[in-house]
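Remarks on the structure that follows.
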């Protein structure tokens, strides 16, 4: 399946891109995260939530092929 | 002509709407980058009672974005300085300055005196405090947060909607997210995000349009990409805050933005002498590190085992992922113990790097 992933804030600094697309054969969001963790070594130090199709989801959710986004919390004010 | 004429001639607002604004009470936590535009627009709009909480003083580096202040207010308390400026903007409303820190002790009592709370703080500890106190007092919370060129806006605890904890259940581990205003920020960004927060406040007061309850607006000032993400309420999360209500005033927050943790990569220190390697993982955690002299002191027992630290050596501290090691360094720095470094790599990576290092050494022989 073809998946587009968006990165916000500090996560985009880890990935060095705000968006990428990749072919993925797994079926769960958690499996996609494992792939991303091995691709981006320092991602494991970051806090974020996962968004699929503009909706916050748990990582046990099935991938639907819609856009995924990794959303970190911001502290600044 | 009346001060609020341009509101009143809007059929959606009218005199009745303006009366609602005049009768409302809004408490703004933090009079910094976000707080300044929020306060400015709410005061101009005629919100009847505006409360300002900020213990900090105006610094020259604030003036790039905190538009209520100027060179004449440098060194003055922000809540007091903002009140003075805002009273000139609108002398028909009541503005109350709280020149103090928001704490678990004073938050609930303070929040009870207002209708809507606005979060303009700059650290996670206070954001979770504001969120939990809003849940306990059942007040809508207009949330805004920024990072460099990006902002987040939402409305929490409103009409049975989600809270900040439904989005991010717990504060990030200390040291994993830059916490204070030391990282740069585009000056106009808090202006944009703060104005959006003021807009949410006015919509709640006027019961107009759609608020961001159940949604998180993400704004990027560089790409102008806006995403509105759906957030779901977690009753369990909100109940657990309410369950602990009786103990809330006893809690304490610990903001240590001033401590900078020095990090180091294992490769930079592996062949150096005069370094004590300290593993702060619990005894059962795998993998064990071989081929390196390691002192084991779990983070949970660190404070009681300071005698295990070699004061003559530099201390390289590691754990499973690099998060606990940072906390250990923070702790040691607070105790005034010098020469502590957090190793960037986690134990599994360290193990591989050491193995390769030894292989290389034996090949050289």
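The values are calculated or read from the model by the stated rules, or taken from the named source; none is laboratory data. Keep in mind that this is a model prediction, so the values were computed, not measured. Neighbour counts run over all protein chains shown; Cβ positions are idealised from the backbone, glycine included.
Observations, loosely collected:
- Residue satisfying all of: in region A:48-66; part of a loop (DSSP other than H, G, I, E, B) and over 28 Å from residue B:190 (Cα atoms); nearest to the other protein chains (Cβ to nearest Cβ) among these: A:58
- Complete set of residues in region B:292-302 that are surrounded by 13 or more Cβ atoms within 10 Å (Cβ to Cβ) and either in a helix (DSSP H, G or I) or at pLDDT below 90 (or both): B:292, B:299, B:301, B:302
- Of all the criteria given as (1) surrounded by fewer than 24 Cβ atoms within 10 Å (Cβ to Cβ); (2) within 13 Å of chain A (Cβ to nearest Cβ); (3) closer than 14 Å to residue B:213 by Cα, the one not satisfied by residue B:144 is (1).
- Qualifying residues in region B:216-236 (those that are surrounded by fewer than 18 Cβ atoms within 10 Å (Cβ to Cβ) and farther than 17 Å from residue B:148 by Cβ) - the one nearest to the other protein chains (Cβ to nearest Cβ): B:230
- Against the criterion of being within 14 Å of another protein chain (Cβ to nearest Cβ), at pLDDT 95 or above and touching a helix residue (DSSP H, G or I) at 6+ places or on another chain (Cβ under 7 Å), residue B:166 qualifies.
- When region A:13-47 is limited to residues that are within 12 Å of the chain's Cα centre (by Cα) and within 9 Å of another protein chain (Cβ to nearest Cβ), the one that is nearest to residue B:220 (Cα to Cα) turns out to be A:18.
- From the list B:68, B:141, B:102, the one residue that fits, being over 18 Å from the mean Cα position of the chain (by Cα) and modelled with pLDDT of 95 or more, is B:68.
- All positions within region B:34-65 that are surrounded by 16 or more Cβ atoms within 10 Å (Cβ to Cβ), within 14 Å of another protein chain (Cβ to nearest Cβ) and either within 13 Å of residue B:117 (Cβ to Cβ) or touching a residue at least 60 places away in the same chain (Cβ under 8 Å) (or both): B:34, B:35, B:36, B:37, B:38, B:52, B:53, B:65
- Among residues that are more than 8 Å from chain A (Cβ to nearest Cβ), touching a helix residue (DSSP H, G or I) at 6+ places or on another chain (Cβ under 6 Å) and free of Cβ contacts under 8 Å to residues at least 12 places away in the same chain, residue B:194 is not included.
- Failed criterion for residue B:125 (all others in (1) more than 10 Å from chain A (Cβ to nearest Cβ); (2) assigned to a helix (DSSP H, G or I) hold): (1)
- Unmet criterion (only one of (1) touching a strand residue (DSSP E or B) at 6+ places or on another chain (Cβ under 7 Å); (2) in contact (Cβ under 8 Å) with a residue 40 or more places away in the chain; (3) more than 17 Å from residue B:190 (Cβ to Cβ)) for residue B:160: (1)
- Restricting attention to region A:26-41, the residues that are loosely packed, with under 14 Cβ neighbours inside 10 Å and touching a helix residue (DSSP H, G or I) at 6+ places or on another chain (Cβ under 9 Å) add up to 3.
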